[in-house]
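Below is one structure, written out as structure tokens, with a few remarks after it.
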Amino acid sequence: MWMKFNCKHTVVAKCLKLGAEMMPKHFAGMIFVHLFLAVLPVFGIQISRRIYQLAEKSVLSDYQVLTLLLPVLLYGAYLFLMKSYTIYYERVIVQFGGLLEFEKKTKLILHEKCGKIAMRYYEMPSFYNRLWEAKVASINVYRVVECVITLSGAVLSIVLLSGYASIIHSSFFLLIVLAAIPALFGNVSEAILKSRRRTQLAALAKEEKDRKECTTDIRYTKERIVYESSDFLIQKWKTSSRKLREKEYEVEMQVLKIRTFLMFLNVAATAGVYVLAGYLFFQRKIDYPAFMVAVSATFQLQNQYAQLFSDLGAFSQFCLMVKPFFLFLDTENETQRIASTGKIAFHHAGFTYPTGKEPVLHNLNFTIHAGEKIAIVGVNGAGKTTLSKLLAGLLVVTEGKNEGVLADTPSVMFQEYQQYALTLLENLAPQELELKNPVLAEELLTELNLSQIAKNEILGREFGKVDLSGGQWQKLAMARAFYHGGTFFLLDEPTSAIDPLYEKELNDLMRGKTNTQSTLEETNDYSDTLFNTNVNTKNNSDLEQLQFNLPSDKKQENISNGSSNYKKPSINCLKNYNGSKNSYKEQNKSKEVIDTLKNFNIEIQDCNATFGPTITRYEVSPKPGTKVSKIVNLSDDLALSLAARSIRIEAP
């Protein structure tokens with residue numbers, strides 16, 4: 001449940017607590033620096049007054065000019081310390097040191113939180129926007145703590161300077177307050193305007209970022225070329241960018257108008273300081289050193305007030321901007337998993353996604369016992385993946401109930417498996433900093449024909465050298481599930497990207513790996529499952545099939561636990577094909593292959609094509625002296641010429 005913040009002090013308290021826990025030494029040093037800076041202006045004013053007094057005495061008498069040397073050196077040290085704070089401390093220590101370190105630590109906190117959040121939140125589109133806002137808002141925790149410390153130092157400095165200025169003349173306070181009003185209203189109005197547009201600007205910024213990614217990211221290159229969508233995507237990117245810039249311009253123009261008006265008030269207050277100080281001097285109510293110090297102290301107070309109200313405006317703004325971070329941290333965590341009970345049962349259970357109106361699954365009634373082999377068969381969109389998440393404990397039913405846990409250590413291979421930008425072995429065991437079972441890893445890679453892939457190269461085309469096909473990535477995801485091990489294997493479309501020539505061999509391998517464990521496979525076609533035993537749920541056989549019935553003219557039916565009505569088609573439905581190798585279709589396709597290779601200066605003596613239901617095989621005989629590697633490197637060009645999704649070239 002998302003919680004709401006109503007009190008600013010709650011946010012401040014959370015920021016201070018988090019800052020003290022994450023970087024206590026850094027913020028302790030910041031407190032010391034700002035306390036020192038609060039005292040330093042009074043020291044500088046007193047030194048400057050002493051210099052003016054000594055200078056006046058040296059003009060009116062034979063007072064030694066050398067006596068000015070020490071005050072001048074002290075004033076130089078004062079100026080050096082003030083500039084060191086601006087140039088070194090703020091830019092180096094804070095901007096490039098503490099700020100970056102704090103940002104890294106808050107990102108780790110968000111990363112840790114993401115691993116604890118209940119899985120149902122990941123099914124909400126708004127969740128990802130909130131995560132994006134939390135990432136952007138995380139750095140404002142540091143800014144809130146910094147503002148609290150800075151404000152404390154500014155208040156102390158104002159108290160000290162005010163006490164010093166009151167010794168000279170109390171009339172200066174009126175002009176000091178007048179000069180502080182523009183800074184106060186300017187920063188507050190800016191904070192209010194930007195806070196009102198914060199959500200809208202964040203949404204536009206994310207939209208602009210996503211559309212830029214679709215236009216420039218290498219992952220979308222193939223489809224941009226095939227569908228010729230570059231112009232369309234560029235136009236969408238330009239539109240999003242224009243909308244974001246227009247909204248930012250609108251806010252900044254409103255802020256500029258307010259600042260322009262308040263600037264005239266500030267100029268009037270500054271001129272008033274000179275007029276009042278000059279009047280008091282000519283009335284001989286203050287001497288020359290007091291005149292100069294009064295002007296200096298007044299301007300110091302003006303700067304301090306301006307800094308105070310500026311920090312207050314920034315403080316209010318940061319308190320508003322940091323809320324998404326703590327709202328995200330207060331997201332409900334996943335409930336603790338219970339121990340294995342050896343079976344899992346669903347009683348009139350169903351599930352509806354947070355943003356859905358209709359249930360994806362409804363009235364589920366079945367029981368799965370440890371050691372059983374289950375095949376879930378259904379068309380796309382039937383709810384197989386949702387059911388797998390329920391079985392794995394990643395989602396919780398929204399109607400009815402489910403009881404028990406099938407295994408303490410489930411191993412799940414999802415249909416949308418991850419492709420990590422890591423090495424082969426790191427993809428195999430991303431949960432291990434160092435590979436704990438290299439023998440098992442090598443065995444799995446060999447059995448899945450992945451051992452030939454370089455093990456120390458980062459996978460992915462973005463990194464240059466090694467990229468995998470869709471089938472290889474799927475086999476790597478399968479190897480990851482088997483390496484993880486466990487007593488319950490859940491395989492969601494495990495061979496959807498595997499070519500039919502290798503699919504049976506892979507099914508035999510998976511059947512052997514899951515021989516003694518509970519296994520549940522999900523697929524669109526029962527003929528593609530790991531299990532070849534007849535379906536017979538009434539006799540409690542080793543295989544049960546949960547058939548998803550989806551009539552075209554009705555809503556999704558219940559998941560039932562019953563026998564299949566499937567009947568094998570007769571051989572009469574097959575067409576008797578007596579065509580020769582020199583049919584028109586074969587000749588036309590063979591000519592396309594020959595012409596494509598000829599465009600790359602590769603002469604072909606003969607090319608025969610054998611057509612199958614899914615795969616077409618071309619037998620090519622190049623002329624003597626032709627390098628085989630030259631043909632292999634043209635796989636993408638041949639795929640484009642033949643309008644094929646992918647091709648595989650095998651050379652003798």
Legend entry - Given LYS25/LYS212; LYS116/LYS206; LYS17/LYS135; LYS25/LYS206; LYS113/LYS238; LYS247/LYS357, the pairs whose alpha carbons are separated by over 30 Å: LYS25/LYS212; LYS25/LYS206; LYS113/LYS238; LYS247/LYS357
Inset, instruction - May I ask you to compute the full-extension gain from GLU434 to GLU650, defined as 0.36 nm times their residue separation minus their alpha-carbon distance, rounded to one decimal in nm? - result: 74.2 nm
Legend entry - Solvent accessible area, Å² - TYR420, 1.4 Å probe, full protein context: 80
Inset, instruction - Quote the convex hull volume per residue of region 241-294, based on C-alpha atoms, as a whole number of Å³. - result: 73
Inset, instruction - Can you sort LYS17, LYS436 by 1.4 Å-probe accessible area, starting with the largest? - result: LYS436, LYS17
Inset, instruction - Could you work out how far apart the two model spin labels at LYS135 and ASN365 are, taking each label as a point 7 Å from the Cα in the direction of the beta carbon, and quote it in nm? - result: 4.6
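Please list ASP499, ASP492 in order of solvent-accessible area, largest first, computed with a 1.4 Å probe with all protein chains present. Before the final figure, lay out each step's value.
Working: ASP499 50, ASP492 0 Å².
My answer, sorted largest first, is ASP499, ASP492.
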Legend entry - Area of LEU70 that stays accessible when all protein chains are in place (1.4 Å probe, Å², to 10): 110
Inset, instruction - Mind listing the long-range amide H neighbours of VAL466? Cut-off is under 5 Å, sequence gap 5 or more, other chains count too, H placed in the peptide plane at 1.01 Å from N. - result: GLY460
Inset, instruction - Could you run the Karplus curve 6.51 cos²θ - 1.76 cosθ + 1.60 with θ = phi - 60° over region 245-262 and give me ³J(HN,Hα) per residue in whole Hz, x for Gly and Pro? - result: 5, 5, 5, 5, 5, 4, 5, 5, 5, 5, 5, 4, 4, 5, 5, 5, 5, 6
Inset, instruction - Would you grab the residues whose amide H sits under 5 Å from the one on LEU448? Only those 5+ places off in sequence or on another chain, please, with H modelled 1.01 Å from N. - result: none
Legend entry - Pairwise label distance in nanometres, HIS348 with TYR279, each label 7 Å out on the Cα-Cβ vector: 8.8
Inset, instruction - Could you calculate the contour length gain from VAL379 to THR616, that is, 0.36 nm times the residue separation minus the distance between their Cα atoms, to one decimal place in nm? - result: 82.7 nm
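Relative contact order of region 210-353, please, whole-number percent, based on alpha carbon pairs below 8 angstrom and at least 6 residues apart.
On the way: 26 pairs, mean separation 16.5, N = 144.
Across region 210-353, relative contact order equals 11 percent.
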Inset, instruction - Name the long-range amide H neighbours of HIS362: under 5 Å, sequence gap of 5 or more, or other chain; modelled H, no Pro or chain starts. - result: PHE351, ILE559
Inset, instruction - Determine, from the Cβ-Cβ distance of GLU123 and PHE43 and an R0 of 51 Å, the FRET efficiency 1/(1 + (r/R0)^6), rounded to the nearest 0.05. - result: 0.25
Legend entry - Karplus (6.51, -1.76, 1.60) ³J(HN,Hα), θ = phi - 60°, over region 419-428, in Hz, Gly and Pro reported as x: 10, 6, 7, 10, 6, 4, 5, 5, 5, 5
Legend entry - Shape of region 201-342, Cα gyration tensor, a/c cut at 1.5: oblate
Inset, instruction - Round to the nearest 10 and report in Å² the accessible area of VAL379, as given by a 1.4 Å probe over the protein chains' heavy atoms. - result: 80
Legend entry - In nm, spacing of pseudo-spin labels at VAL251 and ALA203 (7 Å Cα→C-beta vector): 1.4
Inset, instruction - Could you order SER138, SER126 by accessible surface area, starting with the largest, using a probe radius of 1.4 Å? - result: SER126, SER138
Legend entry - Table column - 3J(HN,Hα) (Hz), region 215-231, Karplus curve with 6.51, -1.76, 1.60, x for Gly and Pro: 7, 10, 6, 5, 5, 9, 4, 4, 5, 4, 6, 5, 8, 6, 9, 4, 4
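The values are calculated or read from the model by the stated rules, or taken from the named source; none is laboratory data. All values derive from a computational prediction rather than experimental measurement. Every residue, glycine as well, gets a Cβ built from its backbone with ideal geometry; the counts of neighbours run over all protein chains shown. Keep in mind that these areas ignore ligands, DNA and RNA; they rest on the heavy atoms of the full protein, side chains included. Shrake-Rupley method; radii C 1.70, N 1.55, O 1.52, S 1.80 Å.
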